């Protein structure tokens, strides 16, 4: 009895769903924080601790996303489009919060403004890395003038 050849199948691994879940959780948690407690400012003695904690949260989020993305990319050649779309959700939520803050609908403290910019930049970076790995693993590029 011969073994069938390995066929490509859609990614059904836990890492792909974990990456999507992390992006959705960040979008929801960020939206709740900025809409409910956007004017919160850390106390006088603890202000630096909160900024350091914010940086470590960003680093942990990016590390978890990269580990999930690369472990999915190593095992399978089809990285889901849903992961790419969901990775930009926190940046969209951040853009909505930023527009509402500029219009004066929401008041953001200095700490919240920094957290908002970190959320937008982190999400955009993760989306770009996801697209880069997707194009690299799937050997897809965007080409112009391919008719020759």
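Coordinate-derived values only; no laboratory data. Keep in mind that this is a model prediction, so the values were computed, not measured. Using ideal geometry, Cβ is built from the backbone for each residue, glycine included, and neighbour counts are taken over all protein chains shown.
The modelled label-to-label distance between residue 62 and residue 136, using points 7 Å beyond Cα along the C-beta direction, is 1.5 nm.
What is segment 40-131 by shape, rounded, prolate or oblate, if you read a ≥ b ≥ c off the alpha carbon gyration tensor as root eigenvalues and call it rounded for a/c under 1.5, prolate for a/b larger than b/c, and oblate otherwise? Mind showing how you got there, number by number?
Working: a/c = 4.70, a/b = 1.67, b/c = 2.81.
Note, shape of segment 40-131 comes out oblate.
Ranked by the mean number of other Cβ atoms within 10 Å of their residues, highest first, the peptides 114-120, 58-64 come out as 114-120, 58-64. Ranked by the mean number of other Cβ atoms within 10 Å of their residues, highest first, the peptides 105-113, 87-95 fall in the order 87-95, 105-113. Exposure proxy ranking for 39, 83, based on other Cβ atoms within 10 angstrom of each Cβ and starting from the fewest, stands as 39, 83.
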